[in-house]
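*Asks:* Encoded as structure tokens, here's the structure I'll be asking about.
The values are calculated or read from the model by the stated rules, or taken from the named source; none is laboratory data. None of these values were measured; they are calculated from a predicted model. In this analysis, Cβ positions are derived from the backbone assuming ideal geometry, glycine residues included, and neighbour counts consider all displayed protein chains.
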There are 2 protein chains.
Amino acid sequence: MTAMAPARTEPDLSFLLDHTSHVLRTRMAAALAEIGLTARMHCVLVHALEEERTQIQLAEIGDMDKTTMVVTVDALEESGLAERRPSTRDRRARIIAVTEEGARLAARSQEIVDRVHEEALGALPTEERAVLLRALNRLVDGHLATPVDSSQPARRARQRGR
Amino acid sequence: MTAMAPARTEPDLSFLLDHTSHVLRTRMAAALAEIGLTARMHCVLVHALEEERTQIQLAEIGDMDKTTMVVTVDALEESGLAERRPSTRDRRARIIAVTEEGARLAARSQEIVDRVHEEALGALPTEERAVLLRALNRLVDGHLATPVDSSQPARRARQRGR
DNA sequence: TATTGTTATACTCTATAACTATA
DNA sequence: TATAGTTATAGAGTATAACAATA
């Protein structure tokens, strides 16, 4: 399934956001897949290039679990795009160092990301486009800043003794 | 994980849409859970009330798989909110008939949906709000209308003989 | 032959738990 | 004690396959 359907006549914000984000996500995934990247790999590459960062730091930036980060970095290493290096400050931590090939690919993937966004917004009048981005930013900073912590956790605690 | 992080300097449409839709979805789920509904149950109730509809028709409207529809209707029946009735036109099909209690609850759930949308948009100036909805509608009708059909299927075909 | 609805289940995704090593 | 990273795996969500009844 993709999203909740428009339950009515008035514009349905849930449907609009779900649908647009879902479609954009599939387009982005398809475009990045052409150069062998996932959105997460792109995200990690770009932020690892900015400065020396550990896996945990990159996980926080990308809003990933640390275990998800492990598999993402595994993929980057297998593709020769990044390497784990021991941090000199903290011997528990690993710095993610982007290789030359990784840096080249990151430049290309950023172009792809920008292009996909351009294409998505292409149909909008310039002014409407600016207002859209401003409004979405306001939502992100405002009432839609943080998810409610659902009383029903994503997954029940593992039962003891198993 | 929630969404791809802002990879940027410029406003990142992917991040904005993913984040807002995700947060709104959790808020909607939490609000509807207070009256024992999921977003899907609400969606089915509302559209089943509009006119006589079969499971397949409701599944299409809600963009659900027919197997997902089965469990959604199961939940509605168990809660006494809807019933399956054989279609008089097509004996394969089942009409989803909303009970009186279901109709009452659907009215309440629609209020909840509207309220959650109101709250989300509350921070926006009236004009910006109108432009946002218009712009999102344009995206839905335009380049973000349909997802690319990913070359890699969601799930590989079941291997034969198993 | 195709379609509606159903059951059963396989697959993906991601978080939890438990662990090692360091702090 | 707490944290970084790792492995293994549980659980949720959802689509696929196969089927029965009917078109």
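*Asks:* Please specify each residue of the range B:78-111 satisfying the condition of being assigned to a helix (DSSP H, G or I) and buried (at least 17 other Cβ atoms within 10 Å of the Cβ). Explain how you work it out, then say what you get.
*Replies:* Start the filter on the range B:78-111 by keeping residues that are assigned to a helix (DSSP H, G or I), which leaves B:78, B:100-111.
Within the range B:78-111, B:G102, B:L105, B:A106, B:S109 meet the criteria.
*Asks:* Further question on the same structure: Which condition does A:K66 not pass, out of (1) surrounded by 14 or more Cβ atoms within 10 Å (Cβ to Cβ); (2) touching a helix residue (DSSP H, G or I) at 6+ places or on another chain (Cβ under 6 Å); (3) of a type outside the set (S, T, N, Q), if it passes all the others?
*Replies:* (1)
*Asks:* Consider B:I95 carefully, then state whether it is in contact (Cβ under 8 Å) with a residue 40 or more places away in the chain and either within 15 Å of DNA strand D (Cβ to nearest atom) or in contact with a Phe, Trp or Tyr (Cβ under 7 Å, 6 or more places away or on another chain) (or both).
*Replies:* Working: in contact (Cβ under 8 Å) with a residue 40 or more places away in the chain: yes; either within 15 Å of DNA strand D (Cβ to nearest atom) or in contact with a Phe, Trp or Tyr (Cβ under 7 Å, 6 or more places away or on another chain) (or both): yes.
Against the criterion (in contact (Cβ under 8 Å) with a residue 40 or more places away in the chain and either within 15 Å of DNA strand D (Cβ to nearest atom) or in contact with a Phe, Trp or Tyr (Cβ under 7 Å, 6 or more places away or on another chain) (or both)), B:I95 qualifies.
*Asks:* Right, something else. Have a look at B:V23, B:V46 and point out the one that is crowded, with 17+ Cβ neighbours inside 10 Å, within 14 Å of the chain's Cα centre (by Cα) and at the interface with chain A (Cβ under 7 Å from one of its Cβ atoms).
*Replies:* B:V46
*Asks:* Mind telling me which of the residues B:E83, B:E51 ends up being in contact with a helix residue (DSSP H, G or I) (Cβ under 7 Å, 6 or more places away or on another chain) and without any contact (Cβ under 8 Å) to a residue 60 or more places away in the chain? It would help to see each step written out before you state the result.
*Replies:* Working: B:E51 fails: in contact with a helix residue (DSSP H, G or I) (Cβ under 7 Å, 6 or more places away or on another chain).
When all the criteria are applied, what remains is B:E83.
*Asks:* Read through the list (1) in a helix (DSSP H, G or I); (2) within 12 Å of DNA strand C (Cβ to nearest atom); (3) within 14 Å of chain A (Cβ to nearest Cβ), then give the number of the only condition that B:D74 fails.
*Replies:* B:D74 satisfies all of (1) in a helix (DSSP H, G or I); (2) within 12 Å of DNA strand C (Cβ to nearest atom); (3) within 14 Å of chain A (Cβ to nearest Cβ) except (3).
*Asks:* Let me ask something additional. Checking the condition part of a helix (DSSP H, G or I), out of contact with any Gly (no Cβ under 6 Å at 6 or more places or on another chain) and either at pLDDT 95 or above or within 15 Å of DNA strand C (Cβ to nearest atom) (or both), which residue from A:M64, A:M41 passes? First the steps, then the outcome.
*Replies:* Details: A:M64 fails: part of a helix (DSSP H, G or I).
On inspection, the qualifying residue turns out to be A:M41.
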